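The next block holds one structure in the form of structure tokens; read it before the comments.
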Amino acid sequence: MESGVYGTLTPLQDEMVNLLVGVGLKRNVAKVLVFLSELPEASSREIERGTDLRQPEVSIAMRELKEQEWVTFRESKTENKGRPVKIYSIALGLAEITNILEQKKRQEAESQISMINRMRKCIES
């Protein structure tokens, strides 16, 4: 991340997070997405530090991002005997994700307009 201070977002990154939240993403998911969009890849621990989120919050956000197929991950063996570390990277650019979000919102709006039109027909009957 540009700021160099863990857990802080630049004004532009903060605005991106707020815009993503405004279109329906959860704040933690938006933070992780913006953080990953700035890096080729990052470990869970780096994501925790860079977004100022706790490990369970990162795990929940990553699960949602994986379900959307917006991130990929690989496992990297550690030098210790511990569990392998997961290394995440963004699968789609923010422009592509924005297009997906736009299409989803358009479909939702069209569905709601269709229901309103059906309501009008029922009222007029």
Going through the cross-link list LYS26/LYS86; LYS26/LYS81; LYS77/LYS105; LYS31/LYS104, which pairs have a Cα-Cα distance over 31 Å in this structure? LYS26/LYS81; LYS77/LYS105
Where nothing but the Cβ of Lys and Arg (+1) and of Asp and Glu (-1) is charged, how large is the charge dipole of the chain around its Cα centre, in debye to the nearest 20? 520
Counting only protein heavy atoms and using a 1.4 Å probe, what share of the accessible area of the chain belongs to carbon plus sulfur, as a whole percent? 51
Contour excess over end-to-end distance, with Cα ends at ASP14 and ILE113 and 0.36 nm allotted per residue: 32.4 nm
Which of the three applies to segment 1-70, rounded, prolate or oblate, going by the alpha-carbon gyration tensor with a ≥ b ≥ c and a/c under 1.5 meaning rounded? oblate
In Å², rounded to a whole number, the accessible area per residue of the chain with probe 1.4 Å is 70
If you count only protein heavy atoms and use a 1.4 Å probe, how large is the accessible surface of SER44, to the nearest 10 Å²? 30
The chain: calculated mean residue ellipticity at 222 nm from DSSP helix runs of at least 4, using -39500 (n - 2.57): -19500 deg cm²/dmol
Taking every pair of Cα atoms in the chain, average 1/r, invert it to obtain the Kirkwood radius, and report Rg/Rh to two decimals. 1.15
Local electrostatic count, LEU20, Cβ distance below 13 Å [Lys/Arg +1, Asp/Glu -1]: +1
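The values are calculated or read from the model by the stated rules, or taken from the named source; none is laboratory data. On a predicted model such as this, the values are computed, not experimentally measured, just so you know. Every residue, glycine among them, receives a Cβ derived from its backbone with ideal geometry; neighbour counts consider all protein chains shown. For accessibility, only protein heavy atoms count, side chains too; no ligands or nucleic acids. Shrake-Rupley method; radii C 1.70, N 1.55, O 1.52, S 1.80 Å.
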